[in-house]
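Working notes, beginning with the structure itself.
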């Protein structure tokens, strides 16, 4: 897999100027667009179909034809990819919050109760037992899209979160605060994200208790949370489960067409500092000229791009 080979080539800190689009693989694009637009208020901003050698080399999958759709919520974007060929595997039904293949996006809402009513009206699939008010005053709720990707609603009290989440608005769904990934060891992950890629640590905590347990749907949970940011874009949140420590590793044979696959875009001034194997991308609508996939110590994929 290209992502794994390139990860070993990063030799020194490379400042990342922004965390960009957060991407996931989906089975049925039209169904996914309907969900993200009509339930969560995202807006489609581009819809392209891609094939050819450049994308085979970038994604490490032979014979690809993909439909790639970007959607915006507030200032942030997500990228949905459907592999028209070849199709990959579904998300395992028994995937747990502590498994290291876990990743989600945190969607900020103006009012948790109202947003929860919207989700219930659309018969969403639960991942938490219900919205939880954490001791920090932050309210959160995990749920799933039709493919089984976990999403989070999050509401910040006045003294928490970025200033823009508290601006006056009549919108209910505001934007994406961060993407969260489960890691084996925070120190090893910081060596990758902070020391090699140059992201800044902006916060951290150790969370436990009944509210956290019911949020993650994991009994007796204690999780170390470390928040990182670039100068622009959503954050990346590292989740290390201190208890339980039985999370399963990312499947070694995961490929880009598997629905368990996510890839988070990181914008760099010069991709060649990451790897000389960066792939030139011939579609200007994507907003970048070169890209390379790198994997972190747990197999989470980052797409480093040069604009």
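The values are calculated or read from the model by the stated rules, or taken from the named source; none is laboratory data. Here the structure is a predicted model, which means the values were calculated and not measured. No Cβ is skipped: glycine too gets one built from the backbone with ideal geometry, and neighbour counts run over all protein chains shown.
Of all residues in segment 156-186 being part of a helix (DSSP H, G or I) and in contact with a strand residue (DSSP E or B) (Cβ under 9 Å, 6 or more places away or on another chain), which is nearest to residue 223 (Cα to Cα)?
So, considering only residues that are part of a helix (DSSP H, G or I) and in contact with a strand residue (DSSP E or B) (Cβ under 9 Å, 6 or more places away or on another chain), the one nearest to residue 223 (Cα to Cα) is 186.
Hey, does segment 264-287 have a residue that's assigned to a loop (DSSP other than H, G, I, E, B), closer than 21 Å to residue 105 by Cβ and either touching a strand residue (DSSP E or B) at 6+ places or on another chain (Cβ under 7 Å) or at pLDDT 95 or above (or both)?
Looking for residues that are assigned to a loop (DSSP other than H, G, I, E, B), closer than 21 Å to residue 105 by Cβ and either touching a strand residue (DSSP E or B) at 6+ places or on another chain (Cβ under 7 Å) or at pLDDT 95 or above (or both), one finds none in segment 264-287, hence no.
Name the one entry in 223, 202 that is outside any helix (DSSP H, G or I), surrounded by 18 or more Cβ atoms within 10 Å (Cβ to Cβ) and free of Cβ contacts under 8 Å to residues at least 40 places away in the same chain.
Unique residue meeting the criteria: 223.
Quick check on my filter: what residues within segment 98-143 are assigned to a loop (DSSP other than H, G, I, E, B), surrounded by 12 or more Cβ atoms within 10 Å (Cβ to Cβ) and without any contact (Cβ under 8 Å) to a residue 24 or more places away in the chain?
Passing the criteria: 131, 137, 138.
I need a count of the residues in segment 24-40 that are closer than 22 Å to residue 286 by Cα and crowded, with 17+ Cβ neighbours inside 10 Å.
7
Which members of segment 129-148 meet the condition of being under 13 Å from residue 106 (Cα atoms) and out of contact with any helix residue (DSSP H, G or I) (no Cβ under 9 Å at 6 or more places or on another chain)?
If the condition is that a residue be under 13 Å from residue 106 (Cα atoms) and out of contact with any helix residue (DSSP H, G or I) (no Cβ under 9 Å at 6 or more places or on another chain), then 138, 144 are the ones that fit.
Looking at residue 229 and the list (1) over 24 Å from residue 71 (Cβ atoms); (2) at pLDDT 95 or above, which single condition is not satisfied?
Looking at each condition in turn, residue 229 falls short on (1).
Touching a residue at least 60 places away in the same chain (Cβ under 8 Å) and either within 19 Å of the chain's Cα centre (by Cα) or more than 19 Å from residue 97 (Cβ to Cβ) (or both): does that describe residue 174?
yes
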